[in-house]
1. Might you check whether a residue that is over 13 Å from A35 (Cα atoms), touching a Pro at 6+ places or on another chain (Cβ under 9 Å) and either without any contact (Cβ under 8 Å) to a residue 12 or more places away in the chain or in a helix (DSSP H, G or I) (or both) occurs anywhere in the range 166-188?
2. Hey, can you tell me all the residues within the range 146-188 that are charged (D, E, K, R) and farther than 13 Å from M135 by Cα?
3. Can you list residue pairs whose Cβ atoms sit under 8 Å apart, with the first residue in the range 21-41 being without any contact (Cβ under 8 Å) to a residue 60 or more places away in the chain and the second being among the aliphatic types (A, V, I, L, M)? Count only pairs 6 or more apart in sequence or on different chains.
4. Under the condition of being in contact (Cβ under 8 Å) with a residue 60 or more places away in the chain, out of contact with any Gly (no Cβ under 7 Å at 6 or more places or on another chain) and not in a loop (DSSP other than H, G, I, E, B), which residue from the range 76-90 is nearest to R50 (Cα to Cα)?
5. Do you know which of the residues in the range 13-51 that are modelled with pLDDT under 95 and more than 22 Å from K108 (Cβ to Cβ) is surrounded by the most Cβ atoms within 10 Å (Cβ to Cβ)?
6. Out of the range 123-165, which residues are polar (S, T, N, Q) and either in contact with a Gly (Cβ under 6 Å, 6 or more places away or on another chain) or not in a helix (DSSP H, G or I) (or both)?
7. Write out, first by first residue and then by second, each pair whose Cβ atoms fall under 7 Å of each other, whose residues are 6+ apart or on separate chains, and whose first residue, in the range 44-61, is in a helix (DSSP H, G or I) while the second is small (G, A, S) and crowded, with 21+ Cβ neighbours inside 10 Å.
8. Test of understanding: among K163, K155, which residue is more than 23 Å from E29 (Cβ to Cβ), free of Cβ contacts under 8 Å to residues at least 40 places away in the same chain and among the basic types (K, R)?
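The values are calculated or read from the model by the stated rules, or taken from the named source; none is laboratory data. Not measured: the values here are computed from a predicted model. Every residue, glycine as well, gets a Cβ built from its backbone with ideal geometry; the counts of neighbours run over all protein chains shown.
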Amino acid sequence: MYWQEPTHTHDVTVNDSVVDMVFAIRCRELPVDHAHSLAKAIMVYLPWLREEIGAGIHSIHVAASGNGWMRPPRDDDLLFPSRRTKLRIRIPIEREADTRVLSSKLLKIDGHELAIGDARKKSLSALTTLFSRHMVVDATETEEAFLDRVAGNLKEMGVHPQKMLCGIENTINTPDRPLKTRSLMLAELRLEESAVLQTQGMGECRHLGCGLFIPHRGIAELKDT
């Protein structure tokens, strides 16, 4: 864990150069480890997505209870999306029309059908605590080494978080290799730093949901824990 004392932030407008496209979906069940199959199915219709700067596919998460989504223990376990579950794709705004072609498409994800409905455009958040569910790490990288590397990468981007906390380890399986990932929370960013991270992301495999940052309510309760 990396922790510094807070500094004050000032207001900066979050622009809409990058947005999330939020699609309604109908799907009875999906494997927990669906990132690669989902990306492959989507890129049939959006072949430009993997190479587009600022683009990525958020993995589909399902809330199991009022306490939030809990990942089942095995990668071949199933998720059961509800009507409220959405597919989110982060794109540069100029790709909005290109991305809307997904509406009405039926995808096959490891043998499971996922029907995509209408989309709405969602602006990025002005919150200054951000969370990435997956950051790719080296197989032998320790938590301390991971945080040191992240701090260096952030510094090159002009981002200086006061608090960093890495969490759950997971594996995303791909035909090339299994990817080891860690979750990462960054807190007490300046608003312009939050905007940079959301619009640019960090690290590799954005099409698999890695290195994409979403807003988080706060970090104080995690520190207490």
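1. Within the range 166-188 (the criterion being over 13 Å from A35 (Cα atoms), touching a Pro at 6+ places or on another chain (Cβ under 9 Å) and either without any contact (Cβ under 8 Å) to a residue 12 or more places away in the chain or in a helix (DSSP H, G or I) (or both)), the answer is no, since none of the residues qualifies.
2. The first filter runs over the range 146-188 and keeps only residues charged (D, E, K, R), leaving 148-149, 155-156, 163, 169, 176-177, 180, 182, 188.
Hits for the range 146-188 are D148, K155, E156, K163, D176, R177, E188.
3. So the pair list comes out as V32/L78; V32/L79.
4. Initially, the range 76-90 is screened for residues in contact (Cβ under 8 Å) with a residue 60 or more places away in the chain, giving 85-90.
From what's left, out of contact with any Gly (no Cβ under 7 Å at 6 or more places or on another chain): 85-89.
Add one more test, that the residue is not in a loop (DSSP other than H, G, I, E, B), and what stays is 86-89.
Values: K86: 20, L87: 17, R88: 15, I89: 12 Å.
Once the filter is applied, the top-ranked residue is I89.
5. Among those that are modelled with pLDDT under 95 and more than 22 Å from K108 (Cβ to Cβ), it is V14.
6. Applying the first criterion (polar (S, T, N, Q)) to the range 123-165 yields 123, 125, 128-129, 132, 140, 142, 153, 162.
Scanning the range 123-165 gives S123, S125, T128, T129, S132, T140, T142, Q162.
7. So the pair list comes out as L49/A55.
8. Values: K163 fails: free of Cβ contacts under 8 Å to residues at least 40 places away in the same chain.
The conditions single out K155.
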